[in-house]
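Where a number appears in this text, it was derived from the coordinates with a stated rule and is not lab data. Just so it is clear, the structure is predicted and the values come from calculations on it, not from any experiment. Because the Cβ atoms are built from the backbone with ideal geometry, glycine has one as well, and the counts that use them run over all protein chains shown.
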Amino acid sequence: MNAVVVWDASAASHLLSRVAFGGTAKQAAQFAVRTPENIVSMLIEEARAAPAPAKPAWVRDPWVNTERVYPETTPAERMENHRKAGERQTRERNELRCWWLDEMIRTPAPLREVMTLFWHGHFTTEAKRMFVAQPLYTQNVALRTHALGNFRELLEAVTLDAAMMMYLNLEDSNAKKPNENFARELLELFTVGIGNYGEKDIREVARALSGWTLDAPAGTAKRPTVADAGRSFCRDGLVPTFVKAKHDSGEKTIFGRTGRYGLRDVLEIVAAHPATAALVCGKLIAFFGVIDPKNKLRDRMAEAFIASDGDIARAMTVLLTSSEFYSDESRGTLIKSPVQLLVGTCRQLQLDVTATPSLAQLTAAMGQELFNPPDVKGWPGGRDWICAGTLAVRYHLPEALFDGREPDGFEPIATDRNFALPADDKARRELIARIRDFDRQRKAERKQDGFKVTFDPSKAFDGPIPEKPEALVDALLARTVAVALRRDTRATLIQAVAAAPAAERVAWACRLILTTPEYQLA
Amino acid sequence: MLPKIDRRSFLSVGALTATVPGFLSQTGRLFADGPKSHAHEERVLVVVQLAGGNDGLNTLVPFRDDAYYKARPKIAIDKAKSLKIADEFALHPEAGDLRKLFDAGQLGIVPNVGYPNPNRSHFRSMEIWETATPEKDARTGWVGRYFDAECRDNASPMLGLQLGEKPAMTFSHVKNRAVTLTNPSLFRWDTGPVGKSMDQLNSVRPTENGQLDFLQRSGNDMLTMSRKIQEALKETKTATEYAPFNFSQSLRLVAQMIAADVPTRVYYVSLGGFDTHATQAGRHAALLQELSQGLGSFIADLKAMGHLDRTLVMTFSEFGRRVAENEQQGTDHGTAGPMFLAGGKVNAGIHGARPNLTDLDEGDLKYQTDFRSVYATILKKWFNADAKQVLGGDYKTLPLFG
């Protein structure tokens, strides 16, 4: 299909809603006088040129494991180290979520963050399965660095990375019995996809990937830990390191090709596989909410991806300038992800906001906790974003953003049981009390900063605040809603604004817009 | 558009609200005040998903089988510590409450359940269990089809109720009759003018945009359900103590809702984290303790409140794990595993033989009972439904009920 794209302010506004957390009517008008090709290449250039966000203060280089257990470590010290490490982990995870959210809200190059978010849902790591926070940061840096770069390089950056190696048990996988976890997800989810490999391929890939571990930077003096310490208690560092003696150097047959493959060979093979191009391009199409019923767009993107040896920006250019992207079916039909909804609201209403753990919890309660996807497959997106519980949180957003108040029920009803409790009744009750204390502390820490959000009604408009309810509602809708409204929506909003106290008119209108079905769409 | 109809036939088309938005869905809030249903007489199923692939061999331990100890030199459950429940089977040491249920005649176990040509992907295998359609890529869940086929005269907007974030495929159907919720405290709303406008903005006005119509319906259903949930939780107190963890507390909510006659036939609760590829002993013990204590409290609670005889719990997991342990003292993805059934009317005991650990398929168990036999038994004997229509085939029923 080579239908012509009708490029106007409405098309520009559609583009902004998908790749930039939404824009203003003014921005769309400025875009409309140029060409889509020109705008898309500008957005990609901006994303590539933008300086990297500053490294958070808590990130340590090199990272030091404070939980190592040495022969002379007493049980009391061990407990204390573990407690401190737990506190540090909670604090750092909170700071990490805020760090990224802040970047998304403030960045002048939103496409880069949107792409980083896409890759975060593709090359997943679940924070709940990680006992240290720093790898989640380094993984995020890798995703951002390569977000619009070369797929093969991105794949290697996330594979030889502490987060992935710990999460999918690549760390310490050895020749004797290679761990299949990463090998399976590499083929099933990250590259070629179901139907394009067999169980034998997984076993062979696992062999080729054996021999990697995480260690201190080369040359670091080491102090031996106790013999039976688990990985968390003996790990010396987070630097991916190849240990030849643990690698299976024999021949492997992968996709019918045989050789003495190692990790980089496998990544080469799977990255170049045509099924990988189709899978990645198909996921991009779905993520950006484009309707491509006959996979024609996917095929054109995959062609560009393969021709450029996996240049992600080339595939994205095809996507964002395609007639499918601007077709009627693709407009106003993408259910915003929780992150897109929150960041978009902050940006479009120009809220004066500093990301706090409470703010980060908003997206978590809507079903998208940053750094903590539900499982290795990431967030399914689409209608899966909406269930009674997550929609209720969406409709409670105004209380958080305009009143600075956290509604009840934003946390799961309880914590997970992470270890078995002792059978002895007294010991069990004491431990439960300690877990409850820890949980209370964790929640209190998360909530201590509350919300740092200020809403200035005048900033929600390009000009002065309109006097008439009709004009006020129309101006807000033009800025914030990308979809054709139902007939009664506008009338209901106008009626509510007309009845609102004079000082509250803009706030009421914004509140109610946030609780419309229309606002959930981009 | 609709002819004049009496209340009875009106209720019978209520089942179509999910696909006929407009007029019918606008009446959602009226239904909420309709005549009290006979929910208290109806049977309830509680589906418990063990997500990640539960290690069946360390759950229901074949403690007389040397091959078991040989395949798992480091992680096999110590024979002396395992909890013997039958000649050839013992439970994991942390499953003490499950043994109590077994001894009290409230727990049935079907060992070695699976399906032909097992898939070892979490996602595909979970889909297979939830859709009960291994052969093709089905889009509907087995309970979704049951609701569609058998519950058309039930107007409840929440025939299925799931506690969690990610809607389970078990309920999937174009005519979705299930809701998913995380924390019930979320369902309280402003009662002033802003709240009233919010209600209006979420009444259903059909458009050309399918996504917008989906969101309108979801908003309308959610606000309707909010009141039901608040009423149910206000009125009912549970009778037993539950451990302060997610899964146990979710079961507590389910018990409250069952006791409050919420118009729900099937509940769905998940316990996740079973993907134990490395150093599995500690984590698996914690998970089985949570499962066991959670179900123990739940069954005792329902018994005390007088609802146990109309409640059935069924556990499932997408697969068991490989027979041999791996190098990291964990287990990789495998095939068949046991299912637990608990309730007041269950035939306690073990319904099947122990798996053969010396006749394997590439290191994995060959299943003995097809999971669709368990579903068929529940559909036929528990819900008195047409299992063949729902499952698209005839499956042997098992003697799971008296």
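When the helices in chain B are scored as -39500 (n - 2.57) per DSSP H run of 4 or longer and the sum is shared across all residues, what 222 nm value do you end up with, to the nearest 500 deg cm²/dmol? Calculated at 222 nm, the ellipticity per residue is -10000 deg cm²/dmol.
Taken as Cα centroids, region B:263-308 and region A:461-514 sit 48 Å apart, rounded to the nearest whole angstrom. Computed about the Cα centre, the dipole magnitude for the protein assembly as shown is approximately 880 debye when only Lys and Arg (+1) and Asp and Glu (-1) carry charge, each at its Cβ. Straight-distance candidates among the aspartates and glutamates for linking to A:Lys177, with alpha-carbon spacing under 17 Å and chain neighbours fewer than 8 residues away dropped: A:Glu199, A:Asp201, A:Glu204, A:Asp248, A:Glu251, B:Glu325, B:Glu327, B:Asp332, B:Glu362, B:Asp364. Only Cα pairs under 8 Å and 6+ residues apart enter the sum, and on that basis the relative contact order of region A:457-520 stands at 34 percent. Seen from every direction in turn and averaged, the convex hull around the alpha carbons of region A:338-454 projects onto 8.8 nm². Averaged over the residues of B:214-224, the number of partner chain Cβ atoms lying within 10 Å of the residue Cβ comes to 6.
In summary, the protein assembly as shown shows an alpha-carbon radius of gyration equal to 0.94 times the 2.2 N^0.38 Å reference for compact globular proteins. Taking the C-alpha atoms only, the angle from helix B:280-305 to the longest principal axis of chain B is near 50 degrees. Judged by the mean number of other Cβ atoms found within 10 Å, the most tightly packed of the peptides A:370-380, A:237-247 leads the ranking A:370-380, A:237-247. Spin-label pair A:Thr253-B:Ala104: with each label point 7 Å from Cα along the Cα-Cβ axis, the two points sit 5.6 nm from one another. For chain B, the longest principal axis of the alpha carbon atoms and the long axis of helix B:210-235 meet at an angle near 80°. In chain A, the DSSP-assigned H stretches of four residues or longer account for a calculated mean residue ellipticity at 222 nm of -15500 deg cm²/dmol, using -39500 (n - 2.57) per stretch and the full residue count as denominator.
The charge dipole of region B:87-237, taken about its Cα centre with unit charges on the Cβ atoms of Lys, Arg (+1), Asp and Glu (-1) only, comes to about 460 debye.
Residue exposure proxy: A:Ser308, A:Ser458, ordered by other Cβ atoms within 10 angstrom of their Cβ from fewest to most, comes out as A:Ser458, A:Ser308.
Across peptide B:197-209, the mean count of Cβ atoms from other chains lying within 10 Å of each residue's own Cβ comes to 6. This ranking places A:Glu156, A:Glu188, A:Glu72 by how few other beta-carbon atoms lie within 10 Å of each, fewest first, which gives A:Glu72, A:Glu156, A:Glu188.
For region B:125-142 versus region A:227-247, the spacing of their alpha-carbon centroids is 40 Å. Taking all Cα pairs closer than 8 Å and separated by 6 or more residues, the relative contact order of region A:402-499 comes to 27 percent. Centroid-to-centroid, using Cα positions, region B:309-347 and region A:307-366 are 39 Å apart. Helix B:122-131 axis versus longest C-alpha principal axis of chain B: approximately 60°, rounded to the nearest ten. Based on C-alpha pairs under 8 angstrom that are at least 6 apart in sequence, chain B has a relative contact order of 29 percent.
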